[in-house]
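Read through the structure below, which is laid out as structure tokens, and then see the notes.
No value in this document is a laboratory result; all are computed from the given coordinates. Since this is a predicted model, take the numbers as computed values, not measurements. Here Cβ is always computed from backbone atoms with ideal geometry, including for glycine, and neighbour counts include all displayed protein chains.
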Amino acid sequence: MRHRIVFVATAALMLAGLATADEKAGVAANKVLRTADGHPDLSGTWAYAIDLPPVVLKEQVNGSVSIKTIDQSWREPAKAPIPGALPSTPAPSYKPEFQEKVKHLFDNESKLDPVFYCGKPGVPRIGSPRRIIQLPGEIVFFYEDISGDPYRIIPTDARAHRADANPSYYGDSVGHWEGDKLVVDITNFLKDGWFGEGGYFHTDAMHVIERLWRDGENLVWQATVDDPKVLTAPWTMSPRVVKPSNDPLEESPPCIEDDGNRLLNSDHHQQR
């Protein structure tokens, strides 16, 4: 009888512990800010940075020197596992007949990358949105980019892709919700862009899926790229964790390229 009492008491404690864990999960879920339709609210201004070599800002005032490191963590792969993220690989896998072209583009990036010459980065290379405005039936992404500060208006009312959309660097986007994740499906790209550094060229068959969700106060952004004409399989990037920001959006200065003709070698802009 004593063993039975101990067993029952132990089981009761275990159930209580599970209930407590479930309650905590429920409380955490309830803390997520949601819109009137019940979806997580992704609206807000989010941190932004361009890809640069590691740099610091040094300021000297009246003999006092202060050094500030530029935080570019949201441009880099997440350092720790992110709940809800898809498995990723460091680089896309190109078909054998295109691997030499990728290497050539990579080795001569500073001369051949369109972005270096005021070209539009497109999706997903431009990265996560700088600002998000979430409305019933649509969501708006704003960016800061020297090629023209683009924006994207993405319907989220389950409509199909437009049949008459003109091909573009940012493609034709439609969105839907999968649980608490916003999933954006993008097609109809121009064929002369790069979807990432490293010579990652694509064709007009490229298909991109972006996934965005909240992780506490942060925004998580992850993209998958498929291009059956040149890739052996879809490539999923590592997730980016983007912090909220109080910095206002600012108009980017005009992009005027005047350095390409001065290049003496093929050094990369990140000094790789």
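The stretch 118-153 and the stretch 218-259 have Cα centres spaced 9 Å apart.
So, counting K/R as plus one and D/E as minus one, what does the shell of residues with Cβ under 12 Å around Thr187 add up to? Net charge around Thr187: -4. The packing ranking of peptides 126-132, 37-43, 142-148, highest mean first, is 126-132, 142-148, 37-43, where packing means the average number of other beta carbon atoms within 10 angstrom of each residue. Does a label point 7 Å from the Cα of Asn265, set along Cα-to-beta-carbon, have any residues of the stretch 100-136 with amide nitrogen under 16 Å, and which are they? So the set is 107-111. Looking at the stretch 214-246, the trypsin sites (Lys or Arg not before Pro) that sit in a DSSP loop and have at most 14 other Cβ atoms within 10 Å of their own Cβ are Lys229.
Net charge of the neighbourhood of Pro92, taken over other residues with C-beta under 11 Å away and scored Lys/Arg +1, Asp/Glu -1, is -1.
Sorted by mean Cβ packing within 10 Å, highest first, what order do the peptides 87-96, 251-260, 167-176 take?
On the way: 87-96: 12.5, 251-260: 9.3, 167-176: 18.6.
In descending order of packing, they fall as 167-176, 87-96, 251-260.
Once both labels are positioned 7 Å from their Cα atoms along Cα-to-Cβ, the gap between Lys243 and Lys101 label points is 4.1 nm. The residues neighbouring Gly122, those whose beta-carbon lies less than 13 Å from its own, together hold a net charge of -4 under the Lys/Arg +1, Asp/Glu -1 convention.
Taking 7 Å steps out from each Cα toward its Cβ at Asp41 and Glu251 produces label points 3.0 nm apart. FRET efficiency for the Arg162 to Glu138 pair, using the beta carbon distance and R₀ = 22 Å, is estimated at 0.95.
Roughly speaking, what is the stretch gain from His176 to Arg34, that is 0.36 nm per residue apart minus the C-alpha to C-alpha distance, in nm to one decimal?
Numbers: separation 142, 0.36 × 142 = 51.12 nm, distance 1.56 nm.
Additional length available on full extension: 49.6 nm.
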